[in-house]
Amino acid sequence: MSLVRGENFVFWALDAGQYKTFACARSGNMSIDTDVIETTGPGTGNFRTFEATVHSFTVGLEGVAALNESGMLTLPDLQAKQLAKEKIYCRYTQTSEDGDVYRKEFWAIITNSNDTGANGGIATFSISLKGTGAITQI
């Protein structure tokens, strides 16, 4: 079995010609949705029928807030990209224990950033991205 561990699920973004990871990201997810239209008509029976139309996708990342990590994108970097309304080119890789690699590349826009801190605790962040265009599977 070719299982993928959480630490081998890595999100990268292209920044100044270099792929960089999100500093101190501890978890991530990608959700791909497919819209459908109903095609039910006379003679189709007692059940509705549908056809797929278009896809959309979102990405979410969470982690510990870091302000200055060499070679990585930090919370201030990401929020600057969000405020500049910058489209970023992203790469999501999953590597199995057997060395198999599944990679997705796509353009996305940061749609939400949230940084949270509590007295006596460690500050955390979450970032939401909305994909724009197609996903390239490699």
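Filtering the stretch 54-88 to residues that are in a strand (DSSP E or B) and closer than 18 Å to ALA23 by Cβ leaves VAL59, GLY60, LEU61, GLU62, GLY63, VAL64, MET72, LEU73, ILE88.
Applying the selection to the stretch 58-103, what residues are small (Gly, Ala, Ser) and more than 16 Å from the chain's Cα centre (by Cα)?
ALA65, ALA66, SER70, GLY71, ALA80, ALA84, SER96, GLY99
Could you count how many residues in the stretch 1-28 are open to solvent by 80 Å² or more (accessible area, probe 1.4 Å) and either under 23 Å from GLY99 (Cβ atoms) or part of a strand (DSSP E or B) (or both)? Adding up the residues that qualify gives 6. When the stretch 102-138 is examined, which residues are found to be surrounded by 11 or more Cβ atoms within 10 Å (Cβ to Cβ) and without any contact (Cβ under 8 Å) to a residue 12 or more places away in the chain? Scanning the stretch 102-138 gives a single hit, THR116. Of the set (1) crowded, with 17+ Cβ neighbours inside 10 Å; (2) more than 27 Å from GLN137 (Cβ to Cβ), all apply to ILE88 but (2).
Checking each residue of the stretch 31-46 against the condition of being in a loop (DSSP other than H, G, I, E, B) and either basic (Lys, Arg) or buried (at least 16 other Cβ atoms within 10 Å of the Cβ) (or both) gives no match.
The values are calculated or read from the model by the stated rules, or taken from the named source; none is laboratory data. Note that the coordinates shown come from a computational prediction; the quantities given were computed from them, not determined experimentally. So basically every Cβ, Gly included, is an ideal-geometry build from the backbone, and we count neighbours across all protein chains shown. Accessible surface is based on the protein model in full, side chains and every heavy atom, while ligands, DNA and RNA are left aside. Shrake-Rupley method; radii C 1.70, N 1.55, O 1.52, S 1.80 Å.
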